[in-house]
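Each remark here refers to the structure printed beneath this line.
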Amino acid sequence: PDASFQVVLDKGTLDAVLTDEEEKTLHQVDRMLAEVGRVLQVGGRYLCISLAQAHILKKAVGHFSREG
């Protein structure tokens, strides 16, 4: 259900999904991050364990900056 979790833990999923910057891949990542946002409660946390490559950080920070 919506807003059902205080924490979403991502251990490498974003890294595994965001392997390139093709339109199809970026769309899949947008859907994944939207789902994370949907299930998080207000004030919830998305904990992402990542290699923090530049394209990963750009996408994650950009998404959550827009979505609040």
Checklist entry - Once phi is turned into θ = phi - 60°, what whole-Hz ³J(HN,Hα) does the Karplus curve with 6.51, -1.76 and 1.60 give for every residue of the stretch 9-18, x standing for Gly and Pro? => result 9, 10, 9, x, 5, 4, 4, 5, 7, 8
Checklist outcome for this item: Neighbours of PHE64 by Cβ distance under 14 Å: Lys/Arg at +1, Asp/Glu at -1, summed charge +1
Item to check | In nm, spacing of pseudo-spin labels at VAL7 and GLU35 (7 Å Cα→C-beta vector) | outcome: 2.1
Next on the checklist: Give me the percent of accessible area attributable to carbon and sulfur for the chain, probe 1.4 angstrom.
Outcome noted: 56
Next on the checklist: Using amide H atoms built in the peptide plane, which far-off residues or other-chain residues are under 5 Å from CYS48 H to H?
Outcome noted: ASP10
Item to check | Structure-derived Rg/Rh (Cα atoms, Kirkwood Rh): which label, when the choices are (i) 1.37; (ii) 0.95; (iii) 1.02 | outcome: (ii)
Checklist entry - All other residues with a Cβ under 12 Å from the Cβ of LYS24 taken together, and with Lys, Arg as +1 and Asp, Glu as -1, what is their net charge? => result -4
Checklist entry - Which whole-Hz couplings ³J(HN,Hα) result when phi for each residue of the stretch 50-61 is put into the Karplus expression 6.51 cos²θ - 1.76 cosθ + 1.60, θ = phi - 60°, listed in order with x for Gly and Pro? => result 9, 6, 6, 5, 4, 5, 5, 4, 4, 5, 5, 5
Checklist entry - Which value at 222 nm does the chain reach when only helices count, each DSSP H run of 4 or more adding -39,500 (n - 2.57), with the total divided by all residues and rounded to the nearest 500 deg cm²/dmol? => result -16500 deg cm²/dmol
Item to check | 0 to 90° range, to nearest 10: angle between helix 23-39 axis and the chain longest Cα axis | outcome: 10
Checklist entry - Per residue, how much accessible area does the chain show when a 1.4 Å probe rolls over the protein heavy atoms, in square angstrom? => result 71
Item to check | Student exercise, the chain dipole from Lys, Arg, Asp, Glu Cβ charges, in Debye to nearest 20 | outcome: 220
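The values are calculated or read from the model by the stated rules, or taken from the named source; none is laboratory data. Keep in mind that what you see is a predicted model, and the values were worked out from it rather than measured. FYI the Cβ positions are ideal-geometry reconstructions off the backbone, even for glycines, and counts take in every protein chain you see. Each accessible area value is taken on the protein alone, full model and side chains, heavy atoms only, with ligands, DNA and RNA left out. Shrake-Rupley method; radii C 1.70, N 1.55, O 1.52, S 1.80 Å.
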